[in-house]
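Have a look at the structure below before the remarks.
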Amino acid sequence: MAANAIARFQFLQPYPFFSKFPLSIINNINPRRIHFRNFSATSPPLCSSSSDLIPESPEGFESSPSIVGDLLDYLNESWTQFHATAEAKRQLIAAGFHLLKENEQWDLQPGGRYFFTRNMSSLVAFAIGTKYSIGNGFHVIAAHTDSPCLKLKPKSASTKSGYLMVNVQTYGGGLWHTWFDRDLSVAGRVILRADDGSFLHRLVKITRPLLRVPTLAIHLNRTVNQDGFKPNLETHLIPLLATKTENATADSTEKSNVSSSKDIHHQLLLKILSDELNCKIDDIVNVELNLCDTQPSCLGGANNEFIFSGRLDNLASSFCGLRALVDSCALPEDLSNEIAIRMIALFDNEEVGSDSYQGAGAPTMFEAMRRITDCLSHQSAGESDFSRAIHHSFLVSADMAHGVHPNFVDKHEEHHRPELQKGLVIKHNANQRYATSGVTSFLFKEVARLHNLPTQDVVVRNDMGCGSTIGPILASGVGIRTVDCGIAQLSMHSVREMCGKEDIDIAYKHFKAFYQTFSSIDRKLNVD
């Protein structure tokens, strides 16, 4: 079982050949010669011809290979925020970035590429320009790794009417009715006790359908189509795991410390996890699991022009930003004329307010900026050095945007109706639910203009509420210029979302152009 799991994991990797070489060799590979697979061959729904993946470039666009196939691989690997961070970590190491530890001393050099993770659910990566000097700015793209989902409660085991049930809690503002009648499973992390008494952190993903939340038959709910489907999230949103039988736990002769007499988690579920991890049930001391839809991310539409997937909000932004950073500094000469530091920050817990150790509300990014400044000054940088760096910096807060819905056009402001396949959406809100200003929107659009990339603008109607992002949180943290933007999508916060295939490549090109050209653009505008 463990060997099969390892084989499946390696087969899903965009760089499968790297597992054959030591890290020293990997770090010397020319990233521009890396071949990115178009599709994960383990997922038949993705099997379109490779030409379907490459959008026809609008006139004036720079011709470059599509990253859509690699995004699909990333989405299919990243069922949870932990898996998304682990996959980003793997890709950064493969591209030659050096892993740092927050609790260790850093040794940084101009021209170097580095990253660190926190909680294995957030990540900060950066590349230092060869011509960087103390006080120069950071050019940052920030996104988040979490999505609305169902999570197992600390005590998840329950039994009703002859069924083994799994108690869950709602995370974020999901469209919870979309989770009914889906083929669900579990993924996340497990803490294991090792033979020497230490504890290990392991990621786990059960790819086969395990759970289902069945809807009530219409014969027992005759008015549902007239009155609407209004489930009670505490009593109706409980997935079924199995039918209860006398020998439900007969396969296991062990008694888990986790399960104990209070039946914290079903022994049957723990047995499935232990088989996947190739460990004993008794080795499992804690679990942190999400429910996940098992249907693979794929292309859809008559012309394969859409992406159908869970977690597009906000893994699509995360991947485009990550790939843009990696590709913008793939070779040493890419940083040879750079005076700034290029950075990406991926945070957890945005969907619930960002107030956590691994969220954007923590000072993770700004502490990293200060440490970088200190390291490169070869001493403790003065307060004025760090302040100058912040005031020279620019942040792109990248989160998905609401595309105009053809069946609900009146929900959108008449003159601001973002369309799929028309480029990044710049988000505006006079009440600062988004951090965009006239200056920051101009600078970000100037990047697009110079590279013939389309952009759109959005504001919500005055009679409707407006969501928010990590943009205002980070902008107000230490006072960094910020623009909020996103890829237009439909079905936001559904278990199954959709966006335009072309927008993925446009976003990637825009983010890459931001890294490559913002230093020269920024010096042309003086506001203060």
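Only protein heavy atoms count here; on that basis, with a 1.4 Å probe, Leu184 has an accessible area of about 0 Å².
Restricting the trypsin sites (Lys or Arg not before Pro) of region 153-253 to loop positions (DSSP other than H, G, I, E, B) with no more than 14 neighbouring Cβ atoms within 10 Å leaves Arg222.
Loop-located GluC sites (Glu not before Pro) in region 151-254 (DSSP state not H, G, I, E or B) with no more than 11 neighbouring Cβ atoms inside 10 Å: Glu234, Glu246. Using the Cβ of His493 as centre and a radius below 9 Å, the other residues enclosed give a net charge of -3, where K and R count +1 and D and E count -1. Counting heavy atoms of the protein chains alone, Asp195 has an accessible area of about 150 Å² for a 1.4 Å probe. Pairs spanning more than 22 Å between alpha-carbon atoms, out of Lys445/Lys524; Lys422/Lys512; Lys230/Lys427; Lys131/Lys427; Lys151/Lys427: Lys230/Lys427; Lys131/Lys427; Lys151/Lys427. 3J(HN,Hα) couplings calculated from phi for region 421-437 with the Karplus curve 6.51 cos²θ - 1.76 cosθ + 1.60 (θ = phi - 60°) are, in sequence order, 6, 10, x, 4, 9, 8, 9, 10, 7, 5, 8, 6, 5, 10, 8, 4, 10 Hz; Gly and Pro show x. Going by accessible surface with a 1.4 Å probe and the largest first, Glu104, Glu502 read Glu104, Glu502. Restriction of the trypsin sites (Lys or Arg not before Pro) in region 440-528 to DSSP coil positions whose beta-carbon has at most 11 other beta-carbons within 10 angstrom yields Arg523, Lys524. Computed 3J(HN,Hα) for region 302-313, one whole-Hz value per residue from the Karplus formula 6.51 cos²θ - 1.76 cosθ + 1.60 where θ = phi - 60°, is 4, 10, 6, 8, 10, 10, 9, 6, x, 6, 4, 8, glycine and proline marked x. What the Kirkwood sum gives for region 378-494 is a hydrodynamic radius of 15.4 Å, with every pair of different alpha carbons counted.
The values are calculated or read from the model by the stated rules, or taken from the named source; none is laboratory data. This one's a predicted model, so the numbers in the text were calculated from it and none came from an experiment. Because the Cβ atoms are built from the backbone with ideal geometry, glycine has one as well, and the counts that use them run over all protein chains shown. The area values use the complete protein model at the heavy-atom level, side chains included, leaving out ligands, DNA and RNA. Shrake-Rupley method; radii C 1.70, N 1.55, O 1.52, S 1.80 Å.
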